[in-house]
Amino acid sequence: MKKEDINVVVATDCGSTTTKAILIEKHDNEYRLMYRGEAPTTVEAPFEDVTMGVLNSVNEVEELSERKLIDKNERIIRPVKDDNGADIYVSTSSAGGGLQMMVIGLIRSMTAESAERAALGAGAIVMDVIAANDKRPTHEQIERIRRLRPDMILLAGGIDGGNIQQVVQMAELIAAAAPKPRLGMAYELPVIYAGNTGARDEIKRVLEKKTDLYLVENLRPTLDEENLNPARDEIHNLFMEHVMAQAPGYKKLMSWTDAPIRPTPGAVGDMMKLVADEENIQVVGVDIGGATTDIFSVFLDSKGAPQFHRTVSANLGMSYSISNVFTEAGIDNVMRWIPFKMDPRALRNQVKNKMIRPTTIPQNMETLIFEQALAREALRLAFTHHKTFATELKGIQKKRTVSETFNQSSELANTLVNMMTLDIVIGSGGVLSHAPRRNQAALMAIDAFQPEGITQLAVDSIFMMPHLGVLAQVHKEAALQVFHRDCLIKLGTCIAPVGFSKDGKKILTFEITYAGGRVETGELHFGEILLFPLDIEQEADVKIKPVRGFNVGAGSGKEVASKVHGGVVGLIFDGRGRPLQIPQNDEERIQKLRQWFTALNAYPDWVFEKYR
């Protein structure tokens with residue numbers, strides 16, 4: 001079907017607990033989200049047919065839109081006829097636990113890390129990374145492969161033309177383990193080999209009769225080159241042919257769709273990459289769920305080329321994994337975000353209650369503030385993990401100064417994440433997308449990610465990015481139009497100077513010129529937050545003159561002039577410095593938090609009176 005003839009789109013996302021359907025229509029030459037429906041996912045007993053959840057969610061859209069979308073044979077009607085049905089139907093899925101993989105390579109910080117990047121970028125949960133130098137004895141590695149039972153294994157190692165002995169030894173580990181796939185016992189486990197092309201004959205000899213072997217181009221052909229796309233494409237193909245085909249009802253669902261079904265995180269990553277490429281911007285996106293937190297980023301490398309990275313923090317989430325967040329962050333780091341005195345035992349009881357009833361939502365302000373404190377820590381920890389992974393290629397010989405050589409001891413020394421050049425932070429997941437006030441979502445994002453310089457803030461309104469990511473395969477323009485008009489809710493712009501000073505000292509002066517010519521000037525002092533109204537469709541010109549020792553993008557003490565975008569929160573000046581430091585003393589900390597929360601209008605005025 002020609003793109004210009006696509007006027008009505010139905011898209012679904014089959015999540016682990018909920019299946020969400022949306023209806024997109026073209027009106028006045030513009031694509032818009034019209035209706036949304038959801039229903040429980042039906043991949044498990046007693047239903048064991050994912051299409052039932054799909055039909056139930058589409059049926060809700062059908063009732064809301066008064067447009068018949070399901071025929072008498074319980075299939076989605078295509079193409080449009082008599083104002084019923086849709087032109088195309090697309091879907092994503094993470095039901096049944098999503099795509100679970102193991103990665104095996106030679107050097108943990110080189111080929112194994114490149115292979116992990118390929119798997120994560122394809123939307124997989126990486127269960128474990130095994131490397132020749134990971135210090136585990138051979139029998140432990142074999143037992144680990146056998147016990148985990150992944151959906152598939154990605155094997156990499158060696159540069160083209162290099163030694164083949166070690167990569168063959170890693171293949172022999174797989175052969176010795178003889179692992180069985182998680183879904184379906186009647187087929188052999190898929191293994192993708194993306195290593196030294198000179199070892200292919202030996203790899204075939206070892207694995208061809210014991211696994212379902214696929215050979216693709218080397219993902220690390222030379223030390224300073226990474227070629228991840230062939231491996232990612234093969235992962236997608238095998239996800240469709242093997243994993244999806246074994247799950248209940250997926251063969252039927254695959255016969256319905258007009259584009260390949262994509263893993264939900266992979267589709268979100270596709271949308272992030274598309275937006276970054278189309279607008280030539282650098283992006284950080286987050287999806288904080290109940291069990292995991294996914295971070296996506298697009299930053300420029302040292303050659304000026306955009307690099308996409310995705311990480312999954314599988315133990316950081318807001319319901320099923322909330323105890324892990326609490327344990328990993330530590331009680332002091334959680335308590336530092338709570339603007340009133342709270343008994344640590346009460347805090348622990350809150351965590352235990354959430355573990356017992358993971359799907360509950362806060363019923364009072366105290367619980368809401370506590371959960372948002374935990375969300376800050378989950379986001380911070382996940383982002384720290386992401387920074388250590390989003391790096392320049394390791395193993396490359398580079399000329400370095402003495403100071404740079406000593407700096408290599410830091411895990412973050414080679415990270416591509418540069419908060420000063422970041423253009424936008426996009427948040428999604430219940431705690432961000434459904435915060436009672438958008439100001440709370442903005443404050444959580446600022447506290448957790450600590451943007452520097454001038455950065456836009458936004459949230460995904462209803463977690464629509466998976467639908468749009470898979471739609472982009474068929475109709476890129478439609479996906480982008482709906483993304484900007486209906487998916488993305490702009491919160492505003494954060495201006496955060498980098499530096500440190502004494503509390504209350506002037507750190508910059510500013511001039512805001514609004515559309516229409518009105519000018520507002522002022523000063524920002526260290527330790528304060530200022531909020532100026534700037535509506536969602538408005539822009540303003542700002543001139544910022546930091547004092548010496550503070551940087552907003554041009555260098556210490558240098559003036560910056562820029563156009564900033566408004567949002568439902570507005571224009572935020574964050575004068576708390578970077579890195580953000582919170583007072584250790586309880587009284588000072590509570591006083592500061594209340595000042596910041598009040599300045600950003602994050603909570604009702606009565607909250608701090610009630611919770612003393």
What's the angle, to the nearest 10 degrees (0 to 90), between helix 50-65's Cα axis and the longest principal axis of the chain? 50 degrees
Likely footprinting exposure, I130, I572, fewest C-beta neighbours within 10 Å first: I130, I572
Per-pair calculated FRET efficiency, R0 = 22 Å: V80 and E30 via Cβ, rounded to 0.05: 0.80
Please report the net charge: other residues with Cβ closer than 12 Å to the Cβ of I489, K and R +1, D and E -1. +1
Distant-in-sequence amide H partners of R578 (H built 1.01 Å from N, under 5 Å): G499
Peptides 132-145, 98-111: what's the order by average Cβ count within 10 Å, highest mean first? 98-111, 132-145
If amide H atoms are built 1.01 Å from N in the plane of the peptide, which residues on other chains or at least 5 residues away come under 5 Å of the amide H of R182? D151
Contour minus Cα-Cα distance for M420 and S255 (0.36 nm per residue): 54.8 nm
Rounded to the nearest 5, the percent of antiparallel DSSP beta bridges in the range 98-256 equals 5 percent
Ranked packing of 579-587, 522-530, 360-368, most packed first, by mean Cβ within 10 Å: 522-530, 360-368, 579-587
Counting only DSSP beta bridges with both residues in the chain, what percent are antiparallel, rounded to the nearest 5? 65 percent
Tell me which of I536, V560, F510 sits at the most positive position along the dipole axis of the range 437-587, charges placed on C-beta atoms (Lys, Arg +1; Asp, Glu -1). V560
May I ask you to derive the FRET efficiency for S302 and A561 from their Cβ-Cβ distance with R0 = 35 Å, giving the value to the nearest 0.05? 0.80
What FRET efficiency comes out for K209 versus I582 if R0 is 60 angstrom and r is the Cβ-Cβ distance? Round to the nearest 0.05. 0.50
Whole-number percent relative contact order across the range 3-95, with pairs defined as alpha carbons under 8 Å at least 6 apart: 32 percent
Given the range 216-368, what percent of its DSSP beta bridges are antiparallel, to the nearest 5? 100 percent
Relative contact order, percent, the chain [alpha-carbon distance under 8 Å, six or more residues apart]: 11 percent
The range 98-256 - Rg over Rh from alpha carbon coordinates, Kirkwood radius: 0.95
Proximal lysines relative to K2, as straight alpha-carbon distance under 29 Å, when same-chain residues fewer than 8 apart are discounted: K20, K26, K68, K72, K81, K251, K252, K273, K476
If you plug each phi of the range 287-295 into the Karplus form 6.51 cos²θ - 1.76 cosθ + 1.60 with θ = phi - 60°, what whole-Hz ³J(HN,Hα) values come out, in order, with x for Gly and Pro? 10, 9, x, x, 10, 9, 10, 9, 10
Just to be sure I understand the model, the point goes 7 Å from the Cα along the line to the Cβ. What's the resulting I281 to D541 distance in nm? 2.1 nm
Within the range 67-105, DSSP-loop trypsin sites (Lys or Arg not before Pro) with at most 11 other C-beta atoms within 10 Å are K72
Taking every pair of distinct Cα atoms and averaging 1/r, then inverting, what Kirkwood hydrodynamic radius in Å comes out for the range 3-95? 13.3 Å
Charge dipole magnitude, Cβ of K and R +1, D and E -1 - the chain, Cα centre, debye nearest 20: 1540 debye
Which length gain, in nm to one decimal place, applies between N349 and K180 when the Cα-Cα distance is subtracted from 0.36 nm times their residue separation? 56.8 nm
Return one number: the angle in degrees, 0 to 90 and rounded to the nearest 10, between the long axis of the Cα atoms of helix 365-389 and the longest principal axis of the Cα atoms of the chain. 60 degrees
Net charge (Lys, Arg +1; Asp, Glu -1) of residues whose beta-carbon lies under 14 Å from that of E559, E559 excluded, is +2
With charges only on Cβ, +1 for K and R and -1 for D and E, what is the dipole size of the range 3-95 about its Cα centre, in debye, rounded to 20? 100 debye
Starting with the highest mean, order 561-567, 232-238, 588-594 by the number of other Cβ atoms within 10 Å, averaged over the residues of each peptide. 232-238, 561-567, 588-594
Take the alpha-carbon centre of the range 466-535, take the same for the range 222-291, and report the distance between them in whole Å. 29 Å
Under 5 Å between amide H atoms, partner at least 5 residues away or on a different chain: which partners does I130 have, H built in plane at 1.01 Å? V103, I104, G105
The chain: angle of helix 111-121 to the longest principal axis, Cα-based, in degrees nearest 10: 80 degrees
Given the Cα atoms of the chain, and with Rh set as the inverse mean 1/r over their pairs in the Kirkwood sense, what is Rg to Rh to two decimals? 0.98
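No lab work stands behind these numbers, since they all come straight from the coordinates. Quick caveat: nothing in here was measured; it's all calculated off a predicted structure. Every residue, glycine as well, gets a Cβ built from its backbone with ideal geometry; the counts of neighbours run over all protein chains shown.
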